[in-house]
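Each value in this text was obtained by applying a stated rule to the coordinates, not by laboratory testing. Just so we're clear, the structure is a prediction, and the values are computed from it rather than from any experiment. Every residue, glycine as well, gets a Cβ built from its backbone with ideal geometry; the counts of neighbours run over all protein chains shown.
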Amino acid sequence: MKLFYLLLTIPLRIMKPWLGLLCLTFCSLIYGQEPALEDSAYLEDQFYFGLTYNALLEKPDAIKQQNLSYGIQTGFIKDIPLNSSRTFALGLGVGYATNSYYSNLLVSNENTGIRYEDSLAEIEGVKRNKLETHTVEFPIEFRWRNSTPTEFKFWRFYPGIKLGYVFSGRSKLVTQDEKVSFSNDDLRSFQYGAMLNFGYNTFNLHLYYSLNPLFNDDVTLSDGNTLTMKPLRLGIIFYIL
């Protein structure tokens, strides 16, 4: 329950005001929905909004996550029914996501290139230290649900894959004395992974596991260890008709 509470309050506590307003707007739309009129050509779940906790797997032993790494995603999915009762469907979508990863990984932009160290503890007065990505995403869902034209509450089981293009990646360090932020081209531009969305009615669980690393293949720590970290995201997703 503690993790669920943190996920729901992320946009209001740590994200920009317009993202918090977006979260409230989506939630109000969800609760304001009415069951669809009986229609043999009905569609389901065409818009989505989600919040996640972001974990980094396959980290070097020296790298530790800190604070609450979070993500937010939203977009549109075209629902393509595959049978006459429309309980099976294909979902093809496009959306936007921003993800942040807080850790003790110290990233500095030097004349010789970007340097990665596990020496954040040596810096005094650290407030925040994170990697941040902004991504255009293309989810592909293979959908099963036990919905009907007149029933709004139903079970969903939506496995699939998600492709993403990172159009902006940044490293940020905020201390008591300064704020350092720069574009990080070492973050992998093309990302893809397996995902699963399942649940009942309004609240559904979202799971995403990246199949390729967060960084490009040649990125290493100062001690020579390769940064092969892969994101794992766990959270909740809301679907809107």
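May I ask for log10 I(q)/I(0) of region 44-240 at q = 0.13, 0.15, 0.18 Å⁻¹, from a Debye sum over the Cα atoms as equal point scatterers with solvent left out? The Cα Debye sum returns log10 ratios of -0.72, -0.88, -1.14. With the cut-off at 1.5 for a/c, could you classify region 36-153 from its C-alpha gyration tensor as rounded, prolate or oblate? Because a/c hits 1.5 or more and a/b exceeds b/c, region 36-153 counts as prolate. Working from Cα pairs under 8 Å separated by at least six residues, relative contact order for region 44-240 is 23 percent.
Protection proxy ranking, highest mean first, for peptides 198-206, 170-178: 198-206, 170-178, where packing is the per-residue count of other beta-carbon atoms within 10 Å, averaged.
Among the GluC sites (Glu not before Pro) in region 87-161, those placed in a DSSP loop whose Cβ has at most 14 other Cβ atoms within 10 Å are Glu124.
The spacing between region 186-241 and region 94-128, judged by their C-alpha centroids, is 18 Å.
With a threshold of 19 Å on the Cα-Cα distance, the over-threshold entries among Lys64/Lys127; Lys130/Lys162; Lys59/Lys162; Lys127/Lys230; Lys127/Lys172 are Lys130/Lys162; Lys59/Lys162; Lys127/Lys230.
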